[in-house]
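FYI, it's all coordinate maths here, none of it is from the lab. Keep in mind it's a predicted model, so treat the numbers as computed, not measured. Quick reminder, even Gly has a Cβ in these numbers, built from the backbone with ideal geometry, and neighbours come from all protein chains shown.
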Amino acid sequence: MSVSAGSIFGYDSGDPLPNVTGYRVFDVSGLSTSEKRDSGQLVHSGLNETVNIDKLSQGDYRFSFTVINEGASTWQLTSQDELFHDNVPDTWTRKQTYYNASGSTFFGGNLSGNRINWDTSQGGSVDVGQEALCRVYS
């Protein structure tokens, strides 16, 4: 089955169209806070699957979700936009939640009701064909 973007309810063919295209998990154990944001050893990548990380090793991991603007105009992030990831245990320890868009980093988010929410009220933009990286590390 395929769906034309112009036929999706509430979507105008001139709008931005954010699409999650994958995720990567990095082991960032032993790195400084700033290194944990962009470095580390890739331990898994994929899309639409569950990944099990052995948290007993006391390791630190960064989860990075790639969102590409596949629409026809720039995606201007506002507080109306929702960036979230579900099915995360509320007991999970999160050290930093942030996203990168157009070369800038925006920090903030929360974990509530088994959902990580990124704080999009800080703005940012993603040009057509470009990506935003939504990241969290524990």
Taking every C-alpha to C-alpha distance in the range 26-93 and binning by 5 Å from 0, the per-bin percentages run 3, 11, 18, 21, 19, 14, 9, 3, 1
Over the chain, the sum of -39500 (n - 2.57) across DSSP H runs of at least four, divided by residue number and rounded to 500 deg cm²/dmol, gives at 222 nm -1000 deg cm²/dmol
Kirkwood Rh for the range 17-138 from C-alpha pairs, in Å, is 14.9 Å
For 127-134, 15-22, ranked highest to lowest by mean beta-carbon neighbours within 10 Å, the order is 127-134, 15-22
Note on the chain: contact order normalised by length, alpha-carbon pairs under 8 Å, 6 or more apart, percent, works out to 28 percent
